[in-house]
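The values are calculated or read from the model by the stated rules, or taken from the named source; none is laboratory data. Quantities reported herein were computed from a predicted structural model and do not represent experimental measurements. Heads up, the Cβs are rebuilt from the backbone with ideal geometry, glycines too, and the neighbour counts pull from every protein chain shown. The area values use the complete protein model at the heavy-atom level, side chains included, leaving out ligands, DNA and RNA. Shrake-Rupley method; radii C 1.70, N 1.55, O 1.52, S 1.80 Å.
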Amino acid sequence: MSTIDNNLTSFLDIASDSDFSIHNLPYGIFSETKDGAGNNKRRAGVAIGEHVLDLAVLETEGLLNLDNGPYFNQPTLNAFIDSGRDNWTKARKTIQTLLSNTNNSLCDNKDLQSKALFKQADVTMHLPVQVPGFTDFYSSKEHATNVGTMFRDPSNALLPNWTEMPVGYNGRASTVIVSGSDVIRPSGQLKPNADDRPIFSPCKRLDFELETAFVVGKNNNIGQPIAVDNAIDHIFGMVLLNDWSARDIQKWEYVPLGPFNAKTFASEVSPWIVTMDALAPFKTPCPTQEPKPLAYLNQKDSKNSYDINLSVELLPENADNATVVCETNFKYMYWSMAQQLTHHTITGCKVEVGDMMGSGTISGSTPDSYGSMLEIAWNATKPVTLKGGETRSFIEDGDTVIMKGYSEKDGIRVGFGEVRGKVLPALSFDFGE
Ligand code: MN
């Protein structure tokens with residue numbers, strides 16, 4: 001489905017700037033909320049305009065019959081994703097038809113609409129998949145160059161392996177959290193430059209990382225790498241990812257084995273998984289790769305990336321307005337998702353349905369497109385002034401970080417919504433003497 005059918009229209013009123021057009025149909029897990037009157041059971045839905053369409057209801061009513069189903073009256077999407085690409089395609093086509101103005105099963109049935117359509121404002125979104133594994137890559141050349149320039153050597157910013165492979169590390173699946181969750185400022189070991197030994201302290205350099213993550217859609221077997229030209233078939237969809245980072249904890253701990261505690265307190269994702277089918281019309285090439293990658297990473301499809309506009313907003317506690325601190329695009333990423341997945345499995349590592357794989361911080365070439373405060377404020381040497389006059393080099397208690405993303409072409413928009421997280425003060429500890 002790589003072309004856009006401009007004639008496809010929903011019977012629902014959908015704003016032209018809505019992320020959730022009939023061309024999108026991202027999957028999420030929701031429950032009705034708050035007053036306790038509704039159904040608090042978690043189940044699957046798709047976002048359409050301001051609404052959520054309850055897929056469990058469609059299955060019960062016999063309007064969404066997938067092979068070996070049902071799949072949607074459960075608290076994660078793993079079983080549906082694991083059922084395979086044929087079912088993904090069938091579900092997408094069926095849901096698109098039911099929401100269109102050319103089919104009357106839902107369009108003309110007010111009773112069914114009242115059971116199956118909810119306002120997004122009235123539901124709670126949950127983590128869409130059970131996440132067996134979380135991996136984070138480091139695939140933006142601009143980001144890696146900026147960090148290398150600040151902390152190592154401007155004339156030798158990239159380490160020699162960087163242009164040969166998508167560098168990454170295995171993170172913690174257990175700390176993947178959904179948008180709207182609060183983030184407690186982490187505490188740990190910091191090592192002031194002038195001191196011989198570290199101190200225990202709340203993180204003083206708390207940062208966001210603007211990333212996306214892809215959701216693995218198909219297992220491989222242990223010992224059997226995924227070929228790069230098949231890799232896209234192993235990817236179900238994408239979410240936005242704020243890969244919260246404690247820069248000062250990271251600086252002291254990361255040698256020689258890489259990030260550990262600095263990255264395992266919150267990896268926050270947007271609740272709607274935008275499918276690769278929905279993103280297909282926005283395919284675009286990655287930047288030129290020089291040197292040419294080794295054969296196992298050499299992808300035939302040159303349109304191996306996606307044109308996705310990304311932004312970050314910062315909203316201090318009690319501020320009236322958020323300030324946009326970054327605008328960038330996914331297409332700047334040097335390594336493709338297919339190359340990342342192939343490299344991840346090349347030694348025989350098994351990946352599983354629901355695994356999330358972070359892109360790495362996505363920075364563009366100019367300061368207004370840098371994807372972390374570390375880069376935007378250039379290691380605290382150029383603090384950012386926010387709309388209310390406050391300045392920031394890193395994230396402070398009470399601040400909310402909001403990331404958004406969307407693709408747009410020929411008047412058609414496919415968006416991610418947002419990932420939003422607020423920072424709470426560090427816990428107080430009493431370790432005695
Ligand atoms: Mn990261």
Notebook entry, point to check: Mean residue ellipticity at 222 nm from the helices of the chain, using -39,500 (n - 2.57) per DSSP H segment of n ≥ 4 over the full residue count, to the nearest 500 deg cm²/dmol?
Noted result: -4000 deg cm²/dmol
Note to self: Between the range 238-291 and the range 180-218, what is the separation of their alpha carbon centroids in Å?
What the structure shows: 14
Next item on the list: Could you tell me the largest-minus-smallest coordinate of the C-alpha atoms of the chain on each of the three principal axes, in descending order and whole angstroms?
Entry: 72, 54, 42
Item checked: Descending semi-axes in Å of the range 337-433, equivalent ellipsoid built from Cα gyration tensor -> 31, 25, 16
Margin query: Once you order the gyration tensor axes a ≥ b ≥ c over the Cα atoms, which shape class does the range 27-126 get: rounded for a/c under 1.5, otherwise prolate or oblate by comparing a/b with b/c?
Written below: oblate
Checklist line | Principal-axis tilt of helix 85-99 within the chain, Cα atoms, nearest 10 degrees | finding: 60
Note to self: Checking the table K41/K331; K331/K422; K191/K331 against a 31 Å threshold on Cα-Cα, which pairs fail?
What the structure shows: K41/K331; K191/K331
Next item on the list: Just check the range 290-391 against the gyration tensor rule for me: Cα atoms, a ≥ b ≥ c as the square roots of the eigenvalues, rounded for a/c under 1.5, and otherwise prolate or oblate depending on whether a/b exceeds b/c.
Entry: prolate
Check: With charges set only on the Cβ (+1 for Lys and Arg, -1 for Asp and Glu), what does the dipole of the range 287-433 come to about its Cα centre, in debye to the nearest 20?
Finding: 740
Notebook entry, point to check: Taking K and R as +1 and D and E as -1, what net charge do the other residues with C-beta under 12 Å from the C-beta of S18 add up to?
Noted result: -4
Check: How large is the accessible surface per residue of the range 134-424, computed with a 1.4 Å probe and reported in Å² as a whole number?
Finding: 41
Notebook entry, point to check: From the cross-link list K141/K204; K251/K404; K90/K141; K141/K283; K90/K119, which pairs have alpha carbons spaced over 31 Å apart?
Noted result: K90/K141
Item checked: Top positive-direction residue, dipole computed over the chain with Cβ charges, set T33, V129, P154 -> P154
Item checked: Length added when fully stretched, D67-A15, from 0.36 nm per residue minus Cα-Cα -> 15.4 nm
Note to self: Taking all protein chains in place and a 1.4 Å probe, what share, in percent, of the accessible surface of the chain do carbon and sulfur account for?
What the structure shows: 48
Check: Order of 419-429, 333-343 by packing, highest average Cβ count within 10 Å first?
Finding: 333-343, 419-429
Note to self: What does the charge count around T175 come to, taking other residues whose C-beta lies under 10 Å from its C-beta (Lys +1, Arg +1, Asp -1, Glu -1)?
What the structure shows: +1
Margin query: Treating only the Cβ of Lys, Arg, Asp and Glu as charged (+1, +1, -1, -1), what charge dipole size does the chain show about its Cα centre? Round to the nearest 20 debye.
Written below: 640
Check: S369: net charge of surrounding residues, Cβ under 12 Å, Lys/Arg +1, Asp/Glu -1, itself excluded?
Finding: -3
Check: Considering only DSSP beta bridges with both partners in the chain, what is the antiparallel share in %, to the nearest 5?
Finding: 90
Margin query: On C-alpha positions alone, give me the angle between the axis of helix 141-151 and the longest principal axis of the chain, in degrees, nearest 10.
Written below: 20
Note to self: Taking 0.36 nm per residue of sequence separation and subtracting the Cα-Cα distance, how much length would be gained by fully extending the chain between I4 and T284, in nm to one decimal?
What the structure shows: 99.3 nm
Notebook entry, point to check: Listed highest first by mean packing, meaning other Cβ atoms within 10 Å per residue, what order do 147-154, 44-51 come in?
Noted result: 44-51, 147-154
Note to self: Can you give me the long-range amide H partners of G188? Hydrogens built in the peptide plane at 1.01 Å from N, cutoff under 5 Å, separation of 5 or more residues or another chain.
What the structure shows: S201, C203
Item checked: Radius of gyration and Dmax over the Cα atoms of the range 142-233, both given in Å -> 18.5, 51
Next item on the list: Answer with one residue from Y169, H23, T391: the one whose Cα lies farthest towards the positive end of the charge dipole of the chain, charges on Cβ with Lys, Arg +1 and Asp, Glu -1.
Entry: Y169
Next item on the list: With a point put 7 Å past each Cα toward its Cβ, work out how far K292 is from N193 in nm, to one decimal.
Entry: 4.4
